[in-house]
1. Assess whether residue 59 counts as being surrounded by fewer than 13 Cβ atoms within 10 Å (Cβ to Cβ) and in a helix (DSSP H, G or I).
2. Within the range 106-147, how many residues turn out to be within 30 Å of residue 84 (Cβ to Cβ) and in a helix (DSSP H, G or I)?
3. Are any of the residues in the range 94-102 without any contact (Cβ under 8 Å) to a residue 12 or more places away in the chain and surrounded by 10 or more Cβ atoms within 10 Å (Cβ to Cβ)?
4. Does the range 113-123 hold any residues that are under 17 Å from the mean Cα position of the chain (by Cα) and surrounded by 10 or more Cβ atoms within 10 Å (Cβ to Cβ), and which are they?
5. If I go through the range 51-60 residue by residue, how many of them are in contact with a helix residue (DSSP H, G or I) (Cβ under 7 Å, 6 or more places away or on another chain) and within 13 Å of residue 84 (Cβ to Cβ)?
6. Just the residues that are closer than 21 Å to residue 135 by Cα and surrounded by 13 or more Cβ atoms within 10 Å (Cβ to Cβ), please, taken from the range 22-40.
7. May I ask you to list the residues in the range 77-104 that are in a loop (DSSP other than H, G, I, E, B) and in contact with a helix residue (DSSP H, G or I) (Cβ under 7 Å, 6 or more places away or on another chain)?
8. Going residue by residue through the range 127-140, is there one that turns out to be under 16 Å from the mean Cα position of the chain (by Cα), assigned by TED's automatic domain parsing to the domain that holds residue 16 and surrounded by 11 or more Cβ atoms within 10 Å (Cβ to Cβ)?
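The values are calculated or read from the model by the stated rules, or taken from the named source; none is laboratory data. Since this is a predicted model, take the numbers as computed values, not measurements. Counting neighbours? That spans all protein chains shown, and the Cβs are built from the backbone with ideal geometry, glycine included.
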């Protein structure tokens, strides 16, 4: 492998894991803060799953967000402290807790989704739908390769 290959691989890595994802996450967090929403991007990822499928296990959340169980436990603990979610015992399996949105968590869905939508609109301004599809498909291939 020569220096050109190394530079190319470094550039590829920086593209995939570098500035853009970091900046987008930082910007989203700042937008939440600007709107008075006390929420991190990581917490948002948990709420996003619950907005689509309320009442799921922490294992489901871990798999859906590609996080380990301890990370999800910490995020759910913090969302519970904020009053956005609650744990409830499973009806038939007392060893299993399900995570549900509280009324407060449901009420915040509109404001949270507005911030996310505005952030994505700003981030993708100037991109065509075709370019967005190419980016999505490329990242899906990378995801599938390392899953």
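1. Here the answer is yes, as residue 59 does meet what is asked.
2. Going through the range 106-147 one residue at a time, the tally reaches 22.
3. So far as the range 94-102 goes, no, none of its residues is without any contact (Cβ under 8 Å) to a residue 12 or more places away in the chain and surrounded by 10 or more Cβ atoms within 10 Å (Cβ to Cβ).
4. Within the range 113-123, 113, 114, 115, 116, 117, 118, 119, 120, 123 qualify.
5. 1
6. 24, 25, 27, 28 - these are the residues of the range 22-40 that are closer than 21 Å to residue 135 by Cα and surrounded by 13 or more Cβ atoms within 10 Å (Cβ to Cβ).
7. Those that are in a loop (DSSP other than H, G, I, E, B) and in contact with a helix residue (DSSP H, G or I) (Cβ under 7 Å, 6 or more places away or on another chain): 83, 84.
8. yes
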